[in-house]
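The values are calculated or read from the model by the stated rules, or taken from the named source; none is laboratory data. In this text, all values refer to a predicted model and were calculated from it rather than measured experimentally. Methodologically, a virtual Cβ is constructed for each residue, glycine included, from the backbone with ideal geometry; neighbour enumeration extends over all protein chains shown.
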Amino acid sequence: MQDSTQPLQIKCSPPIQPPRWFAVHTRYQHEKLVAATLQGKGLEVFLPTYEAIHRWSDRTKRVTLPLFPGYLFFANDIDQRIQILSTPGVNAIIRTGNLPAEISNEEIAAIRRLVESTLRVEPHPFLNEGDFVRIKAGPLEGLEGFVSRKKDAVRLVLSIQILGQSAAVEIDGYAVERLRPSRAVVS
């Protein structure tokens with residue numbers, strides 16, 4: 001039986017913090033080497049990849065390539081900056097201003113979900129609203145216009161200057177190439 005005058009002591013472990021993710025920029029085609037080296041140094045590393053089929057004149061081969069060429073992600077160990085930056089193939093830790101840029105857990109989870117799915121995944125140029133693009137394939141191939149977004153849909157806006165009128169059509173973001181970025185509004 002326990003003495004009622006002594007308080008009951010319960011040991012609590014510290015709360016588990018979600019990992020803090022950062023990105024590293026690597027030399028051209030050094031992503032896998034850098035990932036393996038950083039893992040060997042004890043860091044948690046995430047290198048999202050996708051499969052592609054490369055064809056040469058004499059053979060066809062399935063290859064695994066980085067989803068974001070030149071980049072990989074690592075968790076928590078931003079204090080080991082020197083160890084990370086001294087890793088062969090590492091160019092820099094991605095920063096915003098003077099601080100390492102933290103990537104949200106939600107973005108990392110979304111990328112993981114994407115690459116772990118059975119869907120076909122491949123890199124895609126980042127398109128901003130207002131970018132001037134050309135459609136590369138399909139029935140609208142060759143048409144040029146500005147990217148617009150409405151809810152989750154990407155739209156191509158074609159404008160008739162002389163009429164001051166425009167028309168928009170929903171497009172597959174994979175079927176366009178950026179001709180020039182959107183113009184920044186200067187205040």
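So, in the range 62-91, how many residues would count as being closer than 16 Å to residue 33 by Cβ and either of a type in the set (Gly, Ala, Ser) or touching an Asp or Glu at 6+ places or on another chain (Cβ under 6 Å) (or both)? Looking only at that region, the number is 6. A single entry from 138, 89, 70 fulfils the requirement of being modelled with pLDDT of 95 or more and either surrounded by 13 or more Cβ atoms within 10 Å (Cβ to Cβ) or of a type outside the set (Val, Ile, Thr) (or both): 89.
Every listed requirement among (1) over 14 Å from residue 74 (Cβ atoms); (2) assigned by TED's automatic domain parsing to the domain that holds residue 62 is met by residue 126 save one, (2). Examine the range 103-115 for a residue that is among the basic types (Lys, Arg) and within 17 Å of the chain's Cα centre (by Cα), and state whether such a residue exists. Scanning the range 103-115, I find at least one residue that is among the basic types (Lys, Arg) and within 17 Å of the chain's Cα centre (by Cα), so the answer is yes.
Residues in the range 66-98 that are in a strand (DSSP E or B) and touching a strand residue (DSSP E or B) at 6+ places or on another chain (Cβ under 7 Å): 66, 71, 72, 73, 74, 75, 90, 91, 92, 93.
Considering the range 115-140 alone, what residues qualify as being outside any loop (DSSP other than H, G, I, E, B), in contact with a strand residue (DSSP E or B) (Cβ under 9 Å, 6 or more places away or on another chain) and either under 26 Å from residue 62 (Cβ atoms) or among the aromatic types (Phe, Trp, Tyr) (or both)? Matches in the range 115-140: 115, 132.
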